[in-house]
Each structure stands twice: as structure tokens, then as C-alpha cells.
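Comments concern the structure below.
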Amino acid sequence: MRRWLSFHAWLVFAFLYLPILVIVALSFNQSRFGVRFTGFTFDWYIRLFSNERILEYLTNTLIVAVVSTLVSTVLGTLLALGLVRYRFRWQNALRYLLYVPVVVPDVVMGISLLLLFDVVRDAIGWPRLSLFTIILAHISFQIAYVTLVVRARLMLLDPTLEEAAKDLGATPWLTFREVTLPLIMPGVVSGALLAFSLSLDDFVVTFFTAGPGSTTLPLYIYSSVKLGVSPEIHALSTLMVGITILVLLLGTLFWRKRS
Amino acid sequence: MREAATPWERLRQMLLTIGPGAFWLVLFVLIPTLIMLVASLMSRGSLGQLVPPFGLHNYLRFFSDPLFVEIIGRSLWIGFWSTVFIMLLGYPLAFYVAQSRYKEALLLLVVIPFFTNFLIRVYAWIVVFQKEGLINGLITAFGLPPAELLPSTFAVYVATVYTYLPFFVLPLYAAVERIDWSQLEAAYDLGARPIRAFWEAIFPQTVPGLFAGFLLVFIPAVGTFVIADLLGGGKVTLVGNLIQLQFGSAQNWAFGSAASMVLMAMVLLGLWLYARTQGEKGLDKLV
Amino acid sequence: MEPTLFRGRRDRKLGDSLAVHLEGVTKRFGEHKAVDNITLDIRDGEFFSLLGPSGCGKTTLLRMIAGFDTPDEGRVIIGGKDMTQVPPYLRPVNTVFQNYALFPHMTVEQNIAFGLRMKKMPRDEIAKRVQWALELINLPGYEKRRTDQMSGGQRQRIALARALVNEPEVLLLDEPLSALDLKLRQELRVDLMNLQERLGITFIFVTHDQEEALVMSDRIAVMNKGRIEQLGPTEEIYELPQTAFVAKFIGDSNLIPAKALEPRKVKTSIGELELDKEDALTPGQEVLLSIRPEKIRLFREKPNLPNVFRAKVDDIIYTGSENQYVLLVDGQRLMCDTLNQDIQEPGHEEFTYDEEVWVALTPEKLVVIQGGAEGSNPYA
């Protein structure tokens, strides 16, 4: 039985990784077209780095990711704390509201935000679609993920630890700072890393909430690919995949810490 | 965590923690949905923007015009079969990982594609399926004529399964990891043969995970537009594409909103069903 | 040594047929031998216990009878048939699991009916039997309840019903009472015992709680490190331990190293002790003497009895119903249990700290353990 399971599992893993590996391989391929490997080269990477526009897109992407991650991590952590510690009337409603960004198709999220910005702009003349709106959009789904991760971590926390702190004279704030926060920090960090990679990779929501001049890398990849794949895109993709994996590994290590 | 002295203090603390996050969610999730709802009831202005009169005409059009019904049908069909296939692929995988000595490493292996840029994962299939792509490269190496795999519905299926498979495995894995195997032994002890015993004692324990996984796959799969856009050419139009067009070239925001609301309604229905049958939802991302 | 046996259990007439016969059964996990060459007979209709500390192999042995593990060596014979390689769902044996393993998604009656369903019994027949089972465990009317809302004691009984309703040849119980609190355990022990007697099904009971084993069993196999230390009727296990391990594991015991001077006289650190007319030792032989705390007699005035010594009360442990005295005799510690009967008669006196008393070790109650390698007085 186990052997069949194993066979099946590894077939699935092969399926999951094959396309990515093809791209990585082709990013080093000397020839521009086709799949025959004609030679190993870093050319495409070099071209990538000397492309000014791409550097601009990279900067945009990073700005969006960093800012949105910071905000969503803070908001999400607080929200998780509140949800776990308190009982109140609309608790369930809030919980389900939280699940919406996770389950809903990106398109719906994207256009709902587009509509929101449009309505607000009609009313007060601001904001225009730009990096700012992208950031606002990203935070909106990142919050959900961060909250879920931190909440999971919080529920593992032994409540008697906080009681002990209070018994020894710590005020609520001190209890939080000295006991609660350090203990959930791994969860907070991995939530933040999760949010970060979600922002880096987001396409659909960004597509609807970006304005001219606020292109991010995923948007660039999309318009590029519509014209046809190219090795530079492969190179860019390989780098992005690499970074994502790195961020993921870091996140896992943090989650594992004092788990 | 914070045992406040007075009810006011408690309220203050509560607002401090939940307030900002809840406020954000209301402002950027709830309200836009409501706006979308209202928009769906409006009509198209000369430039495609939203004008009165209000009415259900968009919905009527959506559900009666055969063109759109076909699109809905195709989206549901592709979404459904992709999900079924994902479940078939993912169910054994979850067990394999949960029972392995290296389960954390394997889980990571499953999760990595989940976090990789969605676009990259989709366009990778272009590379695989295109005329000068991987598959054709292999086929022509055997002297056979190249196959026209792109654009096609088949490619859309493959890419959909590929893209959403990790979404299914994660919640299912959470359920599988918690399985009480002593129930299987009890079933054996009481005379059930292996397959029967699995069905009676183990499978029911995975149902919550299956349900969650199904929701997390089916709904996004139905609403996706990128996959059909990149791999289906003009041939495959799904609801997602339809919506995107309404906000793009077709310039009919009202209608697009209506279509979106339909998808949103599916989401809410799914969540409600899940809440009804499962109670506490454990959508813990095991990163 | 007089055999004062079979006072406790009603002397049950059990036949000669064997429910289970284990022959040379060995099971290894990696390098470690969990079960080491065990040969064992369990008679039809008896209440048999496997008793021992954690890790002694009792559960592994039970699982091999159930069919969840296969022995590396040896045979498992149930009801006269070799079932060593037979899977659990084909054995006429049912198990009550330690964690009950009830199916949470099924109601009480669905749980109980499960085995009958597997046998493809007709529905009305199943319904009748489920009724019978529920009455047996004293939970009539609970059919439609969900098992996760029930108390530990109730779930244990349901697990029992689920197994018994299939009328197995042998019922295996893996520490079924360990998760319950004391009063409940004591109640259920008696219930189980009576149930077994009523139904006449062979029970094989695994436990680490020796009191449980003593109360319920006809025979006990005391296990340690994969082997059987001693196998015998309950009273024999208690009154006549054959090894130091058994003496120490079951109840409390005073263990005194001794060297034989004559066939019935030994030399110990306390002094010279006379043994019972049944004992016959080789002079020079080194043995261990075991005497149970309740068998030691204390007096204020020197009694006219054999094996009498002076001792000092070093410590007193009051348990409510008993006074447990820790006595010091020439550096050797002895435990003595007396009942708090508040009768001021010779042999029933109460003593205080540091008081000097006379200790009498009745020869008949001194049990000789051959080759006392397990060591010396644990209280030294």
C-alpha cells in the first residue's frame, strides 16, 4: 500500500515541479527559442539587470510588498489577539469576513476594490489608481492571512503563562510585552513572511487596482507573456521563484522556533 | 490576556486590538462588496460607467442570454472537473505526507508551488505546451508531427489542476494529520476488511478537510481568468474572463458587477454551508 | 508453608478446553525484544490478567492475540486453530481499546451494531442484539446519542458493549479502566467481573494496576521485560511470590536476604529465623525471604512465638484504615501494616514514634524466593 502511495506521491511532486524546472533551465539556455539546450549562459540575467524599466518595476514591487506587509502584520496581529481573547457579539461575523479574502476569487476582490476607489474618487476626488491603491488592496487580503496564522499560534499558547505573569505583578501591557509577544513572535514573523510573498506574487488584484506608472513585476510579466515568452522573463521568473522559496524557508524556520 | 478592571477598560482594549483590523476589513472587504452589489443593479452609461436606472436587468441578462449561460456552464464544468481531479490527486498525497518520517520537509515541498507566483506557474505551461515547447520537443524527437496543444481547453484543465492542487492539499493535510488510527484497528477488530474499514473509520475523519479543500479550490477555479486568458486563447471564455472584459474593453461595469456578485454569492453560500456543517473552522495554514 | 489458597474467588469449575494457546511467541521492535519466547495457556471461560509495568510487553502480547501485530516467532492458537497469520477481522476475538476508539461520527447504536453489520446480519436481528447489549451495560435508551458527549465511564461501557455484542470467543481488554477516576474504577471492576461470570466469555485483561488484577482475575501472568515472571491463580501470586520482582510489584513486601544454616533455619541480619515445616533448603544456600507487611505481628510484651525480635518504631504512616509502621531492626527496615481497630488486646496494640516493640515473623508466612538476585531489602 505504502509503495503505491509513494509512487503516486512522487508522480504528483514531479508534476508540480516540472514546469518550474523547465523555466529555470531555459533561463540559462543560450538560444532564445525552443527547448533544445544549446548552451549555458548568464546573458539573460545580465540583460535583466541592465534593463532600467525592470529595475523600476522591481522597486515598485518591493515598496508595495514592504509597506503592505508592515501594516497588515500589525493590524492582523492585533486582530488575532482580540479575536482569541475576547468574546463579543459580532465575533462570528468578523471571523467569516476574515475568510472572505481567502476564499473569494481574485477577480471579484479586484473589481470590488476598483469600484470602491472609483466611488470614493467621485466623492472626494482622490485616490487615483497608483502604488498607493495597490498597497491598500494588498493589505486587505494580507490581513486575513496574517490574522489566521497568528491566531493559530495564539491558540497554542498556554493561557496559564499569562496568568502567572499577572500573579507576579505584571500589568496587562507588560504581560503582553514580556510574555505574550515573545511567545507568538514566531507566528507573527511567519505571518509577515507569508504576507510578503503573497504581495510579491499577486497579479489579479494588482491588475485591477494599478494605475499607469505603477507597474509591478507580476504585471510586467503578464503583459510580456501575452506577447510571447522570452528568456528574460524566464530569468526574472527564476529569480522570483528563488526569492519566494527563500522567504518560505525563513518562515518555516520561524514557525518551528520554540514551537 | 488583558483582564481589565472595568467594563470600559475592557472595551477600550478590545477596540484597540480588534478595532483597526476590523475597520480595515469592513472598509476594504465588506463595503466594496456592498458597492458591487449596488453597482450590479445599475445600468450602463455611455462611457460604460454606472448610472441609474436600478433594476435586476443585469442578472436577468446574465442568466437568460445563452451566450452567458454557456460561459457560466463552462466555468462550472471546468471548475468542477478540475476540482474532482485535484481531489483524486491530492487525497493520497496528503496521506503519504502525513505518514512519512519527513512530513515537514514533504509538506514544504507541497507548499512551495503554492507560494510561487501564480503567473509564472501558469505561463510555465505555455512553455510546456507550445508549438516549440517541451512536449512537442519530445514528440518531434520521435519523428512525430507536433501537436497543437495550445490554445486549448485541455491546457486550461491541466493548468487549473496544477495551480490549485496545493490549495487542496493543505487543509486536507490538517485533517489527515489528526486522524485517530485506533479507530481503524477497532474496525478491523469488529470484522471489517481493509477497504471497508478505511471507508468506515478513516474517511469520515477526513471529511471536514475535504470540504474545506473543495471550497478553497472550486470557487477560485471557477472564477479564474488568467489561466483561460493565457492558455485558452479566445476559445475558452470563463466567468472570470467575462468579468475582466466588462471592466476592460467591453466597458460595462454594471454587468461586470453583476457577474461578480454571482461569484461572490457562491463564496458566501460555500462559507455558510461550511459553517453549518462544521462549526469551528480550522483553516490553519500549516506553514 | 501452608497453601492457604482460593479463599477469595469463588472456586469456579473451569473446563479443560483452551481458549488461547501461545507457543514460543516472540516479537522484536528493532533490536529490542518486546515479547520474549512466551508460552501460555488461557482456559475457556476464565478471567485472565496480564499484569506488569509499562514496557513489559503485555500490550504487545495482547495485540498479537488480537491480530494487529504478527509474532516474529511462535504461534498463536485460538480455539484450537492456528491464527498466527490471520488478520484481525477474521479472528473470533474482540478488543476493548484503552482509548475506547469509538467512532465519533456514529451514534451509540451504530457503534455497537458495527461488528454485526460487518457480519451482514439482518436489521431486525441487529436491533435486538443492540438492545440486549445496551441493557447489559445498563444504558438502555441511549441508542441515538452521540458518543463524544458522554462521560468516560459511559464510553467505556459502550466500547465494551460494542465488543461483546459480537459474542467473541475471547474478549481482550487493554487497560480499559486506566482513564477513569478511582471510585468509578472500583465500581466498574466489580461490574466487569460479574459480567464475565454471567456471560462465561474468556476475558484477557491487560493492566499495570495490581489491585485491579487481584480483584478480578482467576489467574494472573506477571510480566517483566517481555517474559513471564510468574503465572498462577491470583492468591498464589500474592501469597507465594516466586521472584523478588513479583514480591515487590504486587503489593508491598519485606525482602530479607538470608543464608541457610539448616534445611529449615536461616541466618539473616536480623538474626536467625525458623522456617515453615514445608521448606527444605540446602545448607549454605542463599535465598531471599519475603513477608507481607500485614503478616507481621507486633506486641508490647514479648510473645511466646517463634522468630521474635526487638524493633523500634521509626515512622508511622496513617492511611485512615491502617497504621503502617516502619520498624528498625538492627539497621534493617521492615514494613508492618495493622488495622485501626482500636482494640487494646495483645497483638492489636497501637504504638507511637520511637517506641520499642516485639516483632513476630510467623514462619508460615515467610516465603522463600530462590536465587534472590533481584537484590536486598528495598527499605535498607
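I'd like to check something: does the stretch C:143-155 contain any residue that is free of Cβ contacts under 8 Å to residues at least 24 places away in the same chain, under 21 Å from C:GLU212 (Cα atoms) and under 25 Å from the mean Cα position of the chain (by Cα)?
Yes, that holds for at least one residue.
Here are the criteria: (1) more than 10 Å from chain A (Cβ to nearest Cβ); (2) within 23 Å of B:PRO208 (Cα to Cα); (3) not polar (S, T, N, Q). Tell me which single one B:ALA254 does not satisfy.
Only one criterion is unmet by B:ALA254, namely (2).
Considering only the stretch C:140-157, I want to know if a residue exists there that is modelled with pLDDT of 90 or more, over 30 Å from C:LYS183 (Cα atoms) and within 13 Å of chain B (Cβ to nearest Cβ).
no
Out of the stretch A:4-54, which residues are under 23 Å from the mean Cα position of the chain (by Cα), within 14 Å of chain B (Cβ to nearest Cβ) and touching a residue at least 24 places away in the same chain (Cβ under 8 Å)?
Of everything in the stretch A:4-54, those that are under 23 Å from the mean Cα position of the chain (by Cα), within 14 Å of chain B (Cβ to nearest Cβ) and touching a residue at least 24 places away in the same chain (Cβ under 8 Å) turn out to be A:ILE20, A:ILE23, A:VAL24.
Looking only at helices (runs of 4 or more DSSP H) that lie completely in the stretch B:1-75, which have at least 3 residues being modelled with pLDDT of 85 or more and crowded, with 18+ Cβ neighbours inside 10 Å?
B:7-25, B:31-40
Of all residues in the stretch A:96-128 being of a type in the set (A, V, I, L, M, F, W, C) and at pLDDT below 85, which is farthest from A:VAL205 (Cα to Cα)?
The extreme case among them is A:TRP126.
Within the stretch A:224-237, how many residues are under 22 Å from the mean Cα position of the chain (by Cα) and in a loop (DSSP other than H, G, I, E, B)?
0
For A:VAL120, state whether it is closer than 21 Å to B:LEU37 by Cβ and either hydroxyl-bearing (Ser, Thr, Tyr) or surrounded by fewer than 22 Cβ atoms within 10 Å (Cβ to Cβ) (or both).
Yes, satisfied.
When you check B:VAL110 against the structure, is it assigned to a helix (DSSP H, G or I), at pLDDT 85 or above and in contact with a Phe, Trp or Tyr (Cβ under 7 Å, 6 or more places away or on another chain), yes or no?
Here the answer is no, as B:VAL110 does not meet what is asked.
Sort out which residues of the stretch A:85-106 are of a type in the set (A, V, I, L, M), facing chain B (nearest Cβ under 8 Å) and in a helix (DSSP H, G or I), and write them in order of number.
A:LEU94, A:LEU97, A:LEU98, A:VAL100, A:VAL102, A:VAL103 - these are the residues of the stretch A:85-106 that are of a type in the set (A, V, I, L, M), facing chain B (nearest Cβ under 8 Å) and in a helix (DSSP H, G or I).
Which residue pairs have Cβ atoms closer than 6 Å, lie 6 or more positions apart in sequence or on different chains, and pair a first residue in the stretch A:71-94 that is modelled with pLDDT of 85 or more with a second residue that is among the aromatic types (Phe, Trp, Tyr)?
A:LEU75/B:TRP24
Does the stretch B:209-224 contain any residue that is surrounded by fewer than 24 Cβ atoms within 10 Å (Cβ to Cβ) and closer than 30 Å to C:LEU90 by Cα?
no
Considering only residues of the stretch C:256-284 that are of a type outside the set (A, V, I, L, M, F, W, C) and in contact with a helix residue (DSSP H, G or I) (Cβ under 9 Å, 6 or more places away or on another chain), which is surrounded by the most Cβ atoms within 10 Å (Cβ to Cβ)?
The residue in question is C:ASP279.
Which one of these is without any contact (Cβ under 8 Å) to a residue 60 or more places away in the chain and assigned to a helix (DSSP H, G or I): B:ALA197, B:ALA228?
Selected residue: B:ALA197, the only one of B:ALA197, B:ALA228 that is without any contact (Cβ under 8 Å) to a residue 60 or more places away in the chain and assigned to a helix (DSSP H, G or I).
Give me a count of the residues in the stretch A:211-259 that are on the phi > 0 side of the Ramachandran plot and in contact with a Pro (Cβ under 8 Å, 6 or more places away or on another chain).
Selection size over the stretch A:211-259: 1.
State whether the residues of the stretch A:148-170 include one that is assigned to a helix (DSSP H, G or I), farther than 24 Å from B:GLY223 by Cβ and of a type in the set (Ser, Thr, Tyr).
Yes; the residues of the stretch A:148-170 include at least one that is assigned to a helix (DSSP H, G or I), farther than 24 Å from B:GLY223 by Cβ and of a type in the set (Ser, Thr, Tyr).
State which residue pairs qualify: first residue surrounded by 14 or more Cβ atoms within 10 Å (Cβ to Cβ) and inside the stretch B:126-144, second residue of a type in the set (Phe, Trp, Tyr) and part of a helix (DSSP H, G or I) in any location, beta carbons under 9 Å apart, and separation of 6 or more residues or different chains.
Close Cβ pairs (under 9 Å, with a partner that is of a type in the set (Phe, Trp, Tyr) and part of a helix (DSSP H, G or I)) amount to B:PHE129/B:PHE154; B:GLY133/B:TRP125; B:ILE135/B:PHE129; B:ASN136/B:PHE129.
Any residue at all in the stretch A:200-223 that is surrounded by fewer than 24 Cβ atoms within 10 Å (Cβ to Cβ), without any contact (Cβ under 8 Å) to a residue 12 or more places away in the chain, of a type outside the set (D, E, K, R) and in a helix (DSSP H, G or I)?
yes
Can you name every residue in the stretch B:160-182 that is farther than 20 Å from B:LEU107 by Cα and either buried (at least 24 other Cβ atoms within 10 Å of the Cβ) or more than 11 Å from chain C (Cβ to nearest Cβ) (or both)?
Across the stretch B:160-182, the qualifying residue is only B:THR160.
Among what's in the stretch C:311-349 and is of a type in the set (D, E, K, R) and within 25 Å of the chain's Cα centre (by Cα), pick the residue that is surrounded by the most Cβ atoms within 10 Å (Cβ to Cβ).
C:ASP337
The values are calculated or read from the model by the stated rules, or taken from the named source; none is laboratory data. Quantities reported herein were computed from a predicted structural model and do not represent experimental measurements. Glycine gets a Cβ as well: all are built from the backbone with ideal geometry, and neighbour counts include every protein chain shown.
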